[in-house]
Amino acid sequence: MSSRITDKIKADEILNRIINTFDNEVYLVGGAVRDFYMGKDTLDRDIIVIDEDAKVFAQKLVDLFEATFVILDDENKIYRVVLPDKKNYIDITNPVDNSLERDLLRRDLTINAIAVNLKSYEIIDLCGGIADIENKNINLISEHNFLDDPLRLLRVYRFQALLGFDISPDTLTVLCKYSGLISKSAVERISYELLKLFSGDYTDIALLNMDKVWLLEEIFPVIKELKQVPPNTHHHLDLFHHSIETVKQVNLLYQNSDDIVKSHLESVDFGGFNRLTHLKIAAFLHDIGKFSTWTVEKDTGRHRFMKHDETGAKMAYKILKKLNFSKKQIEYISLMIRNHIYPSQVMAAPEITDKIMMRFVRRTMDNSIDNIILAQADRLSARGPFITDEIIEKNLSSLNRLMQFYKDVKDTLEPLPKLLSGNDVMDILNIKPSPELGKIMDALYDAQISGNINTKDEAMDFIKKFHAD
């Protein structure tokens with residue numbers, strides 16, 4: 001049992017440098033121990049130092065690794081050492097009340113309350129954490145610990161999303177009892193836990209279970225609206241379950257993708273988490289505009305949701321801003337929501353040409369893969385009585401064709417030259433800044449990405465004709 005952890009520690013270069021350099025009484029605790037026991041590697045190492053001030057010891061590690069020192073919580077003596085690769089980091093603290101045992105008993109879950117002495121490799125497991133890992137069980141240590149820090153309510157589901165473990169009955173009781181306290185946690189901490197949750201392979205399961213204890217609605221009140229939209233001819237699920245199924249399908253599509261798609265979705269381009277994590281958030285929110293745009297045709301009984309994509313993008317912007325997501329994160333997720341129908345619309349044209357597909361690529365550029373994956377996931381999550389297997393297969397096949405086109409041309413794409421600026425257009429047409437100018441600029445861009453305009457003279461002729469019409 002202990003050999004799994006010991007072998008991983010001995011193979012860890014960073015921990016071995018600490019072990020071989022210092023004689024302090026130091027323990028590896030928390031997630032790193034859990035991951036090591038499960039045979040996983042980690043970039044995040046939590047250390048408790050018993051016989052020296054945590055800040056002093058952290059500074060020694062900074063010197064050892066030529067790393068960066070970060071104060072996480074000076075009052076509670078929690079410090080971070082960020083290694084030069086900017087990926088690996090070590091969190092250092094002293095034990096609560098100067099007692100390792102009390103420190104472990106104050107933690108959130110048993111699977112996160114295991115400690116290992118880095119000199120003797122002795123394992124301290126006071127709460128049965130190893131047994132819970134073996135049984136794939138998420139179990140709280142104490143009800144009081146959740147009252148102490150309500151964010152732990154959300155952390156339960158973060159670990160379910162990452163590990164796929166079941167939640168114990170006692171833990172569920174506490175979650176039901178205190179779910180309303182999540183609002184007492186700092187928004188930044190909630191956002192971080194959500195991003196970790198959406199980065200897991202079991203996000204859909206965690207979301208469904210969060211809803212059972214009312215925690216999901218506490219964080220996303222818009223869920224109440226989604227639950228009011230029932231299944232219809234195009235959707236076999238109500239809107240809430242359709243949204244979560246879309247998250248699941250995004251993850252499955254990623255897992256079954258080729259290396260090009262996987263590499264793209266694994267890239268970390270904003271927000272400290274990869275594109276896939278943010279795409280799954282977009283999948284979860286992609287239809288939030290449907291409730292407010294919902295109509296039912298009297299003659300046919302068909303449900304309509306006109307411009308729900310645009311409405312949803314605006315709603316998502318407000319929701320994510322309230323959660324303190326960064327500007328780039330909000331722009332990406334909102335853009336995915338606004339464009340989630342677009343790839344299928346492109347490929348529904350009577351005749352699909354390279355020109356039509358290039359227009360899509362020019363419009364979406366680096367987000368082309370993301371946009372296509374979301375459209376495919378949406379299609380796979382909507383199987384109402386009017387949607388035959390043939391319709392689904394045709395839609396997916398056409399989107400695969402669009403994906404392949406993007407892969408074929410992506411390395412040859414260069415930014416389009418700016419033929420006319422807004423000031424140029426105002427001077428040529430003798431107009432002032434106005435909504436009309438915006439329409440002209442949009443039409444000019446559309447004509448350029450469609451390949452109908454390639455020179456400045458052609459652009460001038462186009463705007464004159466457009467303005468005259």
Length-normalised contact order of the chain, Cα under 8 Å, at least 6 apart, in percent, tallies to 9
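Excluding the sites themselves, what is the longest stretch of the chain that contains no GluC sites (Glu not before Pro) in a DSSP loop with at most 16 other C-beta atoms within 10 Å? Show your work: numbers first, answer last.
Numbers: sites that count: 25, 52, 66, 75, 122, 297, 351.
Here the longest segment lacking exposed loop sites spans 123-296.
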Per the 1/(1 + (r/R0)^6) rule, R0 = 56 Å and r from the Cβ atoms of residue 341 and residue 70, FRET efficiency to 0.05 is 0.85
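Just in the range 386-459: which chymotrypsin sites (Phe, Trp or Tyr not before Pro) are loop by DSSP and have at most 12 other Cβ atoms within 10 Å?
Working: sites: 386, 405, 406, 445; in loops: 386.
Those that pass, being in a loop and sparsely packed, are 386.
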With DSSP loop assignment and no more than 10 other C-beta atoms within 10 Å, the chymotrypsin sites (Phe, Trp or Tyr not before Pro) in the range 232-302 are none
Applied in sequence order to the range 265-270, the curve 6.51 cos²θ - 1.76 cosθ + 1.60 (Karplus, θ = phi - 60°) yields integer Hz couplings, x standing for Gly and Pro, of 6, 7, 5, 9, 10, 6
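With +1 assigned to the C-beta of every Lys and Arg and -1 to the C-beta of every Asp and Glu, and no other charges, what is the dipole magnitude of the range 234-412 about the Cα centre in debye, to the nearest 20? Working shown, then result.
On the way: 26 positive and 22 negative charges, 148 e Å.
Once rounded to the nearest 20, the dipole reads 700 debye.
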Candidate cut points under trypsin sites (Lys or Arg not before Pro) in the range 174-273, DSSP loop plus at most 16 other Cβ atoms within 10 Å of their own Cβ, are 227
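Compute the Rg to Rh ratio over the range 422-468 from the alpha carbon atoms, using the Kirkwood formula for Rh, and round to two decimal places.
Here Rg/Rh amounts to 0.93.
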Amide H proximity to residue 72 below 5 Å, modelled H, separation 5+ or other chain, gives 78, 79, 80
Given Cβ charges of +1 for Lys and Arg and -1 for Asp and Glu, the option among 186, 243, 226 whose Cα lies farthest towards the positive end of the dipole of the range 183-250 is 186
Contour minus Cα-Cα span, residue 464 to residue 214, at 0.36 nm per residue, comes to 84.2 nm
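Indicate, rounded to the nearest 5 percent, the antiparallel portion of the DSSP beta bridges found entirely in the chain. Intermediate results must be reported in sequence, preceding the final value.
Working: 24 of 31 bridges.
For the chain, the DSSP antiparallel bridge percentage is about 75.
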Quick P(r) readout (the chain; Cα-Cα; 10 Å bins; whole %) gives 4, 17, 24, 22, 16, 10, 6, 1, 0
With x for Gly and Pro, the residue-by-residue ³J(HN,Hα) of the range 60-72, computed from phi through the Karplus equation 6.51 cos²θ - 1.76 cosθ + 1.60 at θ = phi - 60° and given in whole Hz, is 5, 5, 4, 5, 4, 9, 6, 9, 10, 9, 10, 8, 8
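Quick check on my link table: of 136/224; 10/119; 196/407; 307/407; 248/410, which ones sit more than 21 Å apart, alpha carbon to alpha carbon? Don't skip to the end; give the middle numbers.
Values: 136/224 31 Å; 10/119 11 Å; 196/407 29 Å; 307/407 30 Å; 248/410 27 Å.
As for pairs spanning more than 21 Å Cα to Cα, those are 136/224; 196/407; 307/407; 248/410.
What is the gain in length, in nm to one decimal, between residue 186 and residue 304 on full extension, counting 0.36 nm per residue of separation less the C-alpha to C-alpha distance?
Working: separation 118, 0.36 × 118 = 42.48 nm, distance 3.84 nm.
The residue 186-residue 304 span can extend by a further 38.6 nm.
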Karplus ³J(HN,Hα) for the range 282-291 (6.51 cos²θ - 1.76 cosθ + 1.60, θ = phi - 60°; Hz, whole; x = Gly/Pro) runs 4, 4, 4, 9, 4, 10, 5, x, 6, 4
Summing -39500 (n - 2.57) over every DSSP H run of at least 4 residues in the chain and dividing by its residue count gives a helix-only mean residue ellipticity at 222 nm, to the nearest 500 deg cm²/dmol, of -16500 deg cm²/dmol
With Cα coordinates, the longest principal axis of the chain makes an angle with the long axis of helix 327-338, in degrees rounded to 10, of 50
Straight-line reach check, residue 184, cutoff 14 Å on alpha carbons, 8 or more apart in-chain or any other chain, hits among aspartates and glutamates -> 148, 149, 218
With the dipole of the range 273-393 defined by +1 on each Lys or Arg Cβ and -1 on each Asp or Glu Cβ, the option from 371, 357, 289 whose Cα lies farthest towards the positive pole is 289
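What is the dipole size for the range 422-468, taken about its Cα centre, with +1 at each Lys and Arg Cβ and -1 at each Asp and Glu Cβ, in debye to the nearest 20? Walk me through the numbers on the way to the answer.
Details: 5 positive and 8 negative charges, 25 e Å.
The dipole magnitude comes to about 120 debye.
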Sorted by chain and then number, the residues having a modelled amide H within less than 5 Å of the amide H of residue 25, at least 5 places away or on another chain, are 50, 51
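Readers should treat all values here as calculations from the given coordinates under stated rules, not as data from a laboratory. None of these values were measured; they are calculated from a predicted model. In this analysis, Cβ positions are derived from the backbone assuming ideal geometry, glycine residues included, and neighbour counts consider all displayed protein chains.
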